[in-house]
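The values are calculated or read from the model by the stated rules, or taken from the named source; none is laboratory data. The structure presented is a predicted model; accordingly, all values stated were derived computationally and were not measured. Note that we place each Cβ from the backbone using ideal geometry, even for glycine, and neighbour counts take in every protein chain shown. In case anyone asks, the SASA skips ligands and DNA or RNA and just uses the protein heavy atoms, side chains included. Shrake-Rupley method; radii C 1.70, N 1.55, O 1.52, S 1.80 Å.
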Amino acid sequence: MENFENVYLDLSKQPGRCRLAESGLGWKPATGGDTFTLDSSTIQGAQWSRASKGYEIKIFTRDDQVIQFDGFQEDDHDRAAKAFKIWYGVNVENKEHALRGWNWGKAEFGRAELAFNVQNRPAFEIPYSEISNTNLAGKNEIAVEFNLEEEPKTTGTNGANGHAGKTKNTGRKAAAARDELVEMRFYVPGTVSKREANGEEAGSDAEDDDEDQQNAANAFYETLMDKAEIGEVAGTTFATFQDILHLTPRGRFDIDLYETSFRLRGKTYDYKIQYDSIKKFFLLPKNDEMHTLITLGLDPALRQGQTRYPFVVMQLKLDDEVNLDLNMTTELLEEKYKDKLDAHYEAPIHHVIAKVFKGLSGKKIIMPSKDFTSHHNMNGVKCSIKANEGLLFCLDKSFMFVPKPATYISIEQISNITMSRVGGALAASRTFDITIQLKNGQGEHQFSNINREEQQPLEDFFKAKGIRFKNEMLEEQTTLLKAAMDQELASSDDEGGVNRGSADEDDESPDEDFQAGSDSDVAEEFDEDHESSGGDSDAEMADGNEVDGDADGDEEEDSRPKKKTKT
């Protein structure tokens, strides 16, 4: 019997003891947990190579499995090779890795992993079990996404139920999560024949020249989908909804529902999502009374390159109905999904999708609160986050803004809400903003351009939920009213106490310099025979102070020249 300490099984984060015996081999974690055993009759081959924690033994079984033991020392090679040769009848092959650092080579699909070879030597291997999704990111580019599980469930070595235990420094930099590779992209140019894509050697006869060619990137993508069991091969499809409009991420996707996961299939991107990743499930009717929004809150979020989508938002028409028969045996429906799913559905599509998702995932459907109704008897309040327009829904325990950027705010995290008026005089009189402050300095969310008619319904909802809020608009109105009152009082005081000189006396007196009755300039312009009477008018104005006002008015009427009528 041979014992080896500090050996890691596959991708476990905890070391253990590896023991080789004539009947087989076993591995047990050092901190306690489930023991892994392998019968000697199932071992078909083995490789010895350099690995991340020292040296590793890669074991190939007769049922097409690959098992890795990492953490051996260089001196352990002879003992391990001798044990495998004598007890299992297997020669341990030495496999050297490529150390050139090249980023171009050949991808080979093995039984349990994808190997990237440089000059016929492996540069790295990717186990299919660690691949969560793959997409065609371009004409010749394939994106491969990896699982983000904290701890493999098979080890059960740290924390409850196999999950990593908490440390005393949780939240500090010292206890922050390690960096982890989440995505890798392969550039695959050119074309390949369908025979080569299926792993067969291309013939040299003339028929092969006329053979249909296939894009090499598409062949790589389809092979990886099949090997990693992504999509339809992941199990029986219980239900499929075709051509569903998604606002986030934007596009139309077919939805395939499986036992433990669902898949979004689009023209460019495919997403495989576990039901366990769904943290929130919302059914939100839009204000147009024509559509409803189904929103899924995901953790971990969907990734499309460097863009993360923590929410999936679907838009469905209210009048679209669907007939659906679940692809499920009667025994499975009765045993596992009794009182959760029906064998047949005939209803509006948003109801069917919501009920099927609820039955398969076990998530509760969250709908708008009955404590809130907008001014127009709607569930959503139209507003904006920066330049993005959307609807803010008041829920029983949270606020939800959709569609973009989809924002979820729990009422428990809210410190206070401020209602204020922002913008010009015209805009400020019709709309207002609300700013939601979060507790413990976690930031704030501002929703702008809310119709003034929604002020009272929102205040009533805040009071019903016990949320502290402050209305700065009332303070602004009080301040403006007070300023106007002060200004009016100040002007009245100025009229009574300030000596204005002769201004009061001249209020009703005529302006002597203003010649109201003189139209000489106008007459000269239109009548060539007109004689200027500027001097006479001055004399009349000089005598005007001595005559009666009515007489003065008559003289002015008589002396005013008549305008020549145009012909």
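Scanning the stretch 316-326 for residues that are open to solvent by less than 90 Å² (accessible area, probe 1.4 Å) and in a loop (DSSP other than H, G, I, E, B) turns up L318, D320, L326. Close Cβ contacts (under 9 Å, 6 or more residues apart or on different chains) running from residues in the stretch 385-399 that are under 17 Å from Q455 (Cα atoms) and in contact (Cβ under 8 Å) with a residue 24 or more places away in the chain to residues that are of a type in the set (S, T, Y) and part of a strand (DSSP E or B) comprise L392/T407; F399/T407; F399/Y408; F399/S410.
For residues in the stretch 1-14 being assigned to a strand (DSSP E or B) and either open to solvent by less than 90 Å² (accessible area, probe 1.4 Å) or among the polar types (S, T, N, Q) (or both), which is farthest from Q44 (Cα to Cα)? Restricting to residues being assigned to a strand (DSSP E or B) and either open to solvent by less than 90 Å² (accessible area, probe 1.4 Å) or among the polar types (S, T, N, Q) (or both), the top hit is N6. Restricting attention to the stretch 229-243, does a residue exist that is at pLDDT 70 or above, over 30 Å from I294 (Cα atoms) and over 26 Å from the mean Cα position of the chain (by Cα)? There is no residue in the stretch 229-243 that is at pLDDT 70 or above, over 30 Å from I294 (Cα atoms) and over 26 Å from the mean Cα position of the chain (by Cα). Scanning the stretch 315-352 for residues that are basic (K, R) and either more than 26 Å from L247 (Cβ to Cβ) or free of Cβ contacts under 8 Å to residues at least 24 places away in the same chain (or both) turns up K336, K338, K340. Considering the stretch 57-77, and only residues there that are part of a strand (DSSP E or B) and more than 41 Å from the chain's Cα centre (by Cα), the residue that is surrounded by the most Cβ atoms within 10 Å (Cβ to Cβ) turns out to be I57.
For (1) open to solvent by 20 Å² or more (accessible area, probe 1.4 Å); (2) touching a residue at least 12 places away in the same chain (Cβ under 8 Å); (3) of a type in the set (D, E, K, R), each residue gets a yes or a no:
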| position | (1), (2), (3) |
| --- | --- |
| A228 | no, yes, no |
| D243 | yes, no, yes |
| F253 | no, yes, no |
| R265 | yes, yes, yes |
| Y271 | no, yes, no |
| F282 | no, yes, no |
| M290 | yes, yes, no |
| V313 | no, yes, no |
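Being touching a helix residue (DSSP H, G or I) at 6+ places or on another chain (Cβ under 9 Å) and either modelled with pLDDT of 90 or more or surrounded by fewer than 20 Cβ atoms within 10 Å (Cβ to Cβ) (or both) holds for only one residue in H344, H376, H350, and it is H376.
Taking the criterion of being over 42 Å from the mean Cα position of the chain (by Cα) and surrounded by 15 or more Cβ atoms within 10 Å (Cβ to Cβ), the residues of the stretch 38-53 that qualify are L38, S40, T42, I43, G45, A46, Q47, W48, S49. Considering only residues in the stretch 416-440 that are open to solvent by 50 Å² or more (accessible area, probe 1.4 Å) and either among the acidic types (D, E) or modelled with pLDDT of 85 or more (or both), the one that is nearest to A406 (Cα to Cα) turns out to be Q437.
Note on the stretch 28-71: residues that are more than 18 Å from K85 (Cβ to Cβ) and among the small types (G, A, S) total 7.
Please tell me if D78 is at pLDDT 90 or above and touching an Asp or Glu at 6+ places or on another chain (Cβ under 7 Å). It is false that D78 is at pLDDT 90 or above and touching an Asp or Glu at 6+ places or on another chain (Cβ under 7 Å).
Being free of Cβ contacts under 8 Å to residues at least 12 places away in the same chain, surrounded by fewer than 16 Cβ atoms within 10 Å (Cβ to Cβ) and part of a strand (DSSP E or B) is the requirement here; does E93 meet it?
Numbers: free of Cβ contacts under 8 Å to residues at least 12 places away in the same chain: no; surrounded by fewer than 16 Cβ atoms within 10 Å (Cβ to Cβ): yes; part of a strand (DSSP E or B): yes.
Criteria not met by E93.
Filtering the stretch 353-364 to residues that are touching a residue at least 24 places away in the same chain (Cβ under 8 Å) and open to solvent by 40 Å² or more (accessible area, probe 1.4 Å) leaves K358, G362, K363, K364. Only residues that are aliphatic (A, V, I, L, M), closer than 19 Å to D256 by Cα and under 31 Å from the mean Cα position of the chain (by Cα) were counted in the stretch 313-346, giving 7. For the stretch 15-37, check the following and say yes or no: at least one residue is surrounded by 15 or more Cβ atoms within 10 Å (Cβ to Cβ), of a type in the set (V, I, T) and in contact with a strand residue (DSSP E or B) (Cβ under 9 Å, 6 or more places away or on another chain). No: the stretch 15-37 contains no residue that is surrounded by 15 or more Cβ atoms within 10 Å (Cβ to Cβ), of a type in the set (V, I, T) and in contact with a strand residue (DSSP E or B) (Cβ under 9 Å, 6 or more places away or on another chain).
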